[in-house]
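Note sheet for the following structure.
The values are calculated or read from the model by the stated rules, or taken from the named source; none is laboratory data. Note that the coordinates shown come from a computational prediction; the quantities given were computed from them, not determined experimentally. Neighbour counts are summed over all protein chains in view; Cβ atoms, including those assigned to glycine, are modelled from backbone coordinates with ideal geometry. Note: areas computed on protein heavy atoms with side chains; ligands, DNA, RNA excluded. Shrake-Rupley method; radii C 1.70, N 1.55, O 1.52, S 1.80 Å.
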Amino acid sequence: MKEKVILAYSGGLDTTAIIPWLKENFDYEVICCCIDCGQGNELDGLEERAKLSGATKLYVENLVDDFCDNYIIPCVQANAVYENKYLLGTSMARPAIAKRLVEIARKEGATAICHGATGKGNDQIRFELGIKALAPDLKIIAPWRMTDVWTMQSREDEIEYCKQHGIDLPFSADNSYSRDRNLWHISHEGLELEDPANEPNYDHLLVLGVSPEKAPNEGEYVTMTFEKGIPTSVNGETMKVSDIIAKLNELGGKHGVGIVDIVENRVVGMKSRGVYETPGGTILLEAHQQLEELVLDRATMEVKKDMSNKFAQIVYEGKWFTPLREAVQAFVESTQEYVTGEVKFKLYKGNIIKAGTTSPYSLYSESLASFTTGDLYDHHDADGFITLFGLPLKVRAMKMQEIEKNK
């Protein structure tokens with residue numbers, strides 16, 4: 001009886017070519033698994049394509065709500081952004097996919113999992129750390145790193161290989177952007193983006209929305225509510241998280257929100273340049289932070305900022321299934337107890353403009369913040385506070401004066 005391998009299958013040329021390659025070189029029974037994290041019509045016709053290519057079976061697993069509730073929301077609550085710009089769209093999805101691949105492998109009694117990530121990128125790390133953490137006994141096959149067996153170096157090579165194995169599908173040899181899409185975002189790499197000196201061709205590139213220049217000349221107000229750091233409604237309509245993100249994608253895309261051009265530091269040591277569209281995610285993070293400003297105390301916000309960066313790094317590096325991620329997430333969740341309220345903002349040509357925030361747990365006191373003196377604040381108290389707060393500076397300055405004088 002042949003051993004089974006679970007192939008993380010997208011339906012693209014790379015993973016389609018991997019099916020006959022696995023059978024030819026390892027004599028595996030190939031079971032394809034396509035994970036739906038909200039990539040839309042990219043899933044059309046996959047079963048026919050997989051079986052035509054030699055797969056025994058295709059699983060299409062809908063993980064949209066799991067992805068949103070168990071991976072996106074912890075990152076939103078943490079305000080996790082990698083290197084100040086990247087909203088972790090691909091990074092968050094990979095552990096969810098790895099977990100389901102392992103579950104399918106167990107169900108099928110498979111001995112290996114195969115993925116089509118390249119040897120230069122971050123995804124190989126994210127997939128494999130997830131698999132190792134959840135199923136250390138399973139073998140991992142990464143064709144793009146097996147250059148002695150995987151000899152295809154171009155799309156033309158892959159198309160020819162497929163044809164030699166009786167797979168004649170309408171793949172194009174034309175080079176285009178390398179993209180990754182899910183409900184949270186779409187990323188673009190390649191073509192003119194490979195040279196940081198080039199301006200992105202936004203008219204050709206954008207998928208989820210328009211550039212700010214082409215957005216409407218009229219702004220649009222949006223109201224959101226949160227309960228313990230989790231979004232619950234948009235414009236008065238209560239929805240589950242996945243529907244909220246879809247709605248915000250529509251609104252943000254329309255107004256040119258969430259387009260970033262990044263040169264980021266990959267885990268493997270190189271810099272890479274890409275353009276990310278994250279319209280709904282950008283709005284959601286901004287709204288969440290707008291509410292946190294009102295309800296978190298200064299000391300908690302200070303530590304949470306550090307934890308936000310740490311959480312982003314953990315997720316980016318594929319270390320989701322680790323005690324460290326669990327510990328940082330536990331801290332973040334404890335800070336969300338009172339992140340409840342309503343946020344209003346205006347979307348206008350790529351901007352998210354505050355238009356008011358309310359919360360029953362607001363720590364903002366108008367009587368304290370106004371220029372008039374309230375009962376809780378006596379201006380004279382500032383004298384003693386500044387004396388003590390500035391004492392280390394004064395002591396050092398006096399010592400430096402003494403040293404200078406004795407020279």
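Could you run through the stretch 5-14 and say how many residues are of a type outside the set (G, A, S) and at pLDDT 95 or above?
4
Just one of D375, D383, D306 is part of a loop (DSSP other than H, G, I, E, B), on the phi < 0 side of the Ramachandran plot and without any contact (Cβ under 8 Å) to a residue 24 or more places away in the chain; which is it?
Criteria check complete, one pass: D375.
Considering only the stretch 309-338, state which residues are in contact with a Ser or Thr (Cβ under 9 Å, 6 or more places away or on another chain), more than 21 Å from N265 (Cα to Cα) and part of a loop (DSSP other than H, G, I, E, B).
Scanning the stretch 309-338 gives a single hit, Y338.
Among the residues of the stretch 100-118, is there at least one that is farther than 21 Å from V60 by Cβ and open to solvent by 10 Å² or more (accessible area, probe 1.4 Å)?
yes
Determine if the stretch 361-369 includes at least one residue that is out of contact with any helix residue (DSSP H, G or I) (no Cβ under 7 Å at 6 or more places or on another chain), surrounded by 10 or more Cβ atoms within 10 Å (Cβ to Cβ) and at pLDDT 95 or above.
no
All but one of (1) in contact with a Leu (Cβ under 8 Å, 6 or more places away or on another chain); (2) closer than 30 Å to M92 by Cα; (3) open to solvent by less than 80 Å² (accessible area, probe 1.4 Å) hold for K319; which doesn't?
Result: K319 fails condition (3) only.
Pick out, from the stretch 1-85, the strands (runs of 3 or more DSSP E) lying fully within it that include 1 or more residues that are basic (K, R).
4-8, 57-62
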